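Undergrad: If you scroll down you'll find the structure; I have some questions about it.
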Amino acid sequence: MIFRYTILYVDDVARALAFYERAFNLERRFLHESGDYGELSTGQTRLAFSSKRLMRELGKAPGSPSPQAPVFEIAFETQDVNSAYDRAVAAGAAPVQAVRDEPWGQTTSYVSDPDGYLVEICSPVQLPSAG
């Protein structure tokens, strides 16, 4: 079994795709002609978006994310957290936590996307050396 994709429920799929392209330099795989579903390439997995309207049509009741009370986060790893954070904010992300060095050796920052999803921008985790 493989982990293929994560789907975020949004009001406007095209807008969400465009934001993630600008903010995180992700490549669009496609936007369905209905405008209700789209995907971005992120390596081995995909970041996908579905309209809340479509989910309601399918009998689901999608909630609204809150960066102040998140139930999950999306994390993008980079060697240059400062530049990536600045790019995301310039593209319209709301700052949540400025760039900081963590005691475990990782650099982290957080933003919120226009739909309210919490996004971490971080350096690779520094694993303890095998001694």
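The values are calculated or read from the model by the stated rules, or taken from the named source; none is laboratory data. Every value quoted in this text rests on a predicted model; they were computed, and no experiment measured them. All Cβ positions, even for glycine, are placed from backbone atoms using ideal geometry, and neighbour counts span all protein chains on display.
Undergrad: What pairs come out if I take residues in the stretch 17-44 that are closer than 22 Å to PRO95 by Cβ and free of Cβ contacts under 8 Å to residues at least 60 places away in the same chain and pair them with residues that are of a type in the set (Val, Ile, Thr) and outside any helix (DSSP H, G or I) whose C-beta lies under 8 Å away, six or more apart or interchain?
TA: Every condition considered, the pairs that remain are LEU26/THR42.
Undergrad: Here is a list: PHE30, PHE76. Which entry is closer than 23 Å to ILE2 by Cα, aromatic (Phe, Trp, Tyr), outside the structural domain of ARG4 (by TED's automatic domain parsing) and touching a strand residue (DSSP E or B) at 6+ places or on another chain (Cβ under 8 Å)?
TA: Numbers: PHE30 fails: outside the structural domain of ARG4 (by TED's automatic domain parsing).
After applying the criteria, what remains is PHE76.
Undergrad: The conditions are (1) within 25 Å of ASP12 (Cβ to Cβ); (2) touching a residue at least 24 places away in the same chain (Cβ under 8 Å), and THR78 fails exactly one of them. Which is it?
TA: (1)
Residues are listed down the side, and each one gets a yes or a no for (1) aromatic (Phe, Trp, Tyr); (2) within 22 Å of CYS122 (Cα to Cα); (3) part of a helix (DSSP H, G or I); (4) within 16 Å of the chain's Cα centre (by Cα):
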| site | (1), (2), (3), (4) |
| --- | --- |
| ALA14 | no, no, yes, yes |
| TYR20 | yes, yes, yes, yes |
| GLY35 | no, no, no, no |
| SER50 | no, no, no, yes |
| MET55 | no, no, yes, no |
| LYS60 | no, no, no, no |
| SER66 | no, yes, no, yes |
| PRO70 | no, yes, no, yes |
| GLN79 | no, yes, no, no |
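Undergrad: Condition first: surrounded by 14 or more Cβ atoms within 10 Å (Cβ to Cβ), at pLDDT 95 or above, more than 21 Å from GLU21 (Cβ to Cβ) and out of contact with any helix residue (DSSP H, G or I) (no Cβ under 6 Å at 6 or more places or on another chain). Now tell me which residues in the stretch 55-105 satisfy that.
TA: Answer for the stretch 55-105, where residues must be surrounded by 14 or more Cβ atoms within 10 Å (Cβ to Cβ), at pLDDT 95 or above, more than 21 Å from GLU21 (Cβ to Cβ) and out of contact with any helix residue (DSSP H, G or I) (no Cβ under 6 Å at 6 or more places or on another chain): MET55, GLN97.
Undergrad: Check THR108 against each of (1) touching an Asp or Glu at 6+ places or on another chain (Cβ under 6 Å); (2) of a type in the set (Val, Ile, Thr); (3) surrounded by fewer than 18 Cβ atoms within 10 Å (Cβ to Cβ) and name the one condition it does not meet.
TA: All conditions pass for THR108, except number (3).
Undergrad: Go through (1) surrounded by fewer than 18 Cβ atoms within 10 Å (Cβ to Cβ); (2) under 17 Å from the mean Cα position of the chain (by Cα); (3) among the β-branched types (Val, Ile, Thr) and name the single condition VAL125 misses.
TA: Result: VAL125 passes all but (2).
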